[in-house]
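Inspection log for the structure reproduced underneath, given as structure tokens.
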Amino acid sequence: MKRWPAALVLAFGITIGAGGARTAVAAGSHSPACVADASPGHTRRHLPEAEIFVTDNTAVISDPNDPRLNTRLNGFACEVRAIIRAHGSDPEKSSLLDGVFWSGELQNTTYERSRDFDVDDIDAAQLNHVADVLRKRFAQESVLTFEYLRIDSPRADAIEVEVPGVDVQRLHDGLAADPEARDRLFGGSVTVRGGKLILVADRADAGLVQRFVGTLGGDWSKATIHYGDREFVG
């Protein structure tokens, strides 16, 4: 049985805490450097070595107008960056994400705010370790990582697809109407700035991803595809 992730697929997945409560996060100091990099919307000159998708959310949110979805997660971003740096890696830009995730176990979807952190100076073992530290710190079932690799790397068994012009409501409605996409992709995210859909999937599911993007009204000819290794750490 495939383990359903808690923070994504972009963080992909969902974690339910006791009583559906949201985990409290110490805000810490909002240093200018930490707040300034909020939500670049996946606009990059150079790709990082890896990405970490993580959230502090542990609640099921079914209402797209829920006020908890308005959070900028700036204090959370500062704390995550500090943890990444403390373990010897270099946190770069961070994108604020709106996600919709499906739980086969709970048979429902949830909206969720999360962040995607670009990370440099990190190898596969470090990436796994840092993700596990973040998983425990923010009470997540799992944390998604994506290590960028060459297309011909024997370890490049996953893809990250970015498509502009898709909003989170279309993503939600598309998942609700497509059981195969729900069960294979677990969900997806949209950048708060720029409205760019992000899907992380097995490379073998590339055809499914293309079909699903089409049902959302996305233009596959404008899709950006990256290859790498994904892991749900947890």
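The values are calculated or read from the model by the stated rules, or taken from the named source; none is laboratory data. None of the values given here were measured: they were computed from a predicted structure. Quick reminder, even Gly has a Cβ in these numbers, built from the backbone with ideal geometry, and neighbours come from all protein chains shown. Note: areas computed on protein heavy atoms with side chains; ligands, DNA, RNA excluded. Shrake-Rupley method; radii C 1.70, N 1.55, O 1.52, S 1.80 Å.
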Item checked: Cβ-defined net charge surrounding THR109, 11 Å radius [Lys, Arg +1; Asp, Glu -1] -> -1
Check: At a 1.4 Å probe, what is the % contribution of carbon and sulfur to the accessible area of region 106-234?
Finding: 49
Notebook entry, point to check: What number comes out for the charge environment of ARG45, summing +1 per Lys or Arg and -1 per Asp or Glu over other residues with Cβ under 12 Å away?
Noted result: 0
Next item on the list: With a 1.4 Å probe and every protein chain left in place, work out the accessible area per residue of region 77-234 in Å², rounded to a whole number.
Entry: 39
Item checked: Cα centre as origin, Lys/Arg/Asp/Glu Cβ charges: region 139-205 dipole, Debye -> 240
Item checked: Kirkwood hydrodynamic radius of region 87-234, Cα pairs, Å -> 15.9
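Per the Kirkwood formula on distinct C-alpha pairs, the Rh of region 77-125 is how many angstrom?
Taking every pair of different Cα atoms in region 77-125, averaging 1/r and inverting gives 12.7 Å.
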Item checked: Total formal charge among the other residues, if their Cβ is under 11 angstrom from that of GLU160, Lys/Arg +1 and Asp/Glu -1 -> -3
Checklist line | Full-extension gain in nm, LYS136 to LYS222, via 0.36 nm per residue minus C-alpha separation | finding: 27.3 nm
